[in-house]
Amino acid sequence: MNPRRDHRGTRSSVFDGIEEGGIRAAPSYSHEIDEHDNERALDGLQDRVNLLKRLSGDINEEVETHNRMLDRMGNDMDSSRGILSGTMDRFKTVFETKSSRRMLTLVASFVALFLVVYYLTR
């Protein structure tokens, strides 16, 4: 036997477990590491899913609250529109009448009311 060949043979047998980038682990040890990593990753994903579930539930509650508030505001605006249209109809009726005395009284009342409010807020 050639001693040089023996040296290469033992050298290759020594480095059989080494792969590019590191030492190859035994298959059972590698499987345990993979299982452990998978369990940690699974736990992390489960925590994230639970967090997203709670967050989406909170968003849903917030959206429902805002929808109810917007519905109430819409109803209030409709009732205000009805009141204002009634008031405008009354103003039209007052302005359509030809009575200058009524018109003068109305304008004087508005001016007096404005002045009172102005002096009270000052």
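Readers should treat all values here as calculations from the given coordinates under stated rules, not as data from a laboratory. This structure is a prediction, so every number in the text was calculated from the model and none was measured. Backbone-built Cβ (ideal geometry, glycine too); neighbour counts: all protein chains shown.
Computed about the Cα centre, the dipole magnitude for the stretch 34-122 is approximately 1720 debye when only Lys and Arg (+1) and Asp and Glu (-1) carry charge, each at its Cβ. Across the alpha-carbon atoms of the stretch 69-122, the computed radius of gyration and Dmax are 16.2, 47 angstrom. For the stretch 77-86, backbone phi angles converted through the Karplus equation (6.51, -1.76, 1.60; θ = phi - 60°) give residue-by-residue couplings of 5, 5, 5, 5, 4, x, 5, 5, 5, x Hz, Gly and Pro being listed as x. For the stretch 42-94, taking Cα atoms only, Rg and Dmax work out to 22.8, 77 Å respectively. Label-to-label distance for residue 69 and residue 55 is 2.2 nm, based on points extended 7 Å past Cα in the beta-carbon direction. Rounded to the nearest angstrom and listed largest first, the equivalent-ellipsoid semi-axes of the stretch 30-118 from its Cα gyration tensor are 71, 14, 7.
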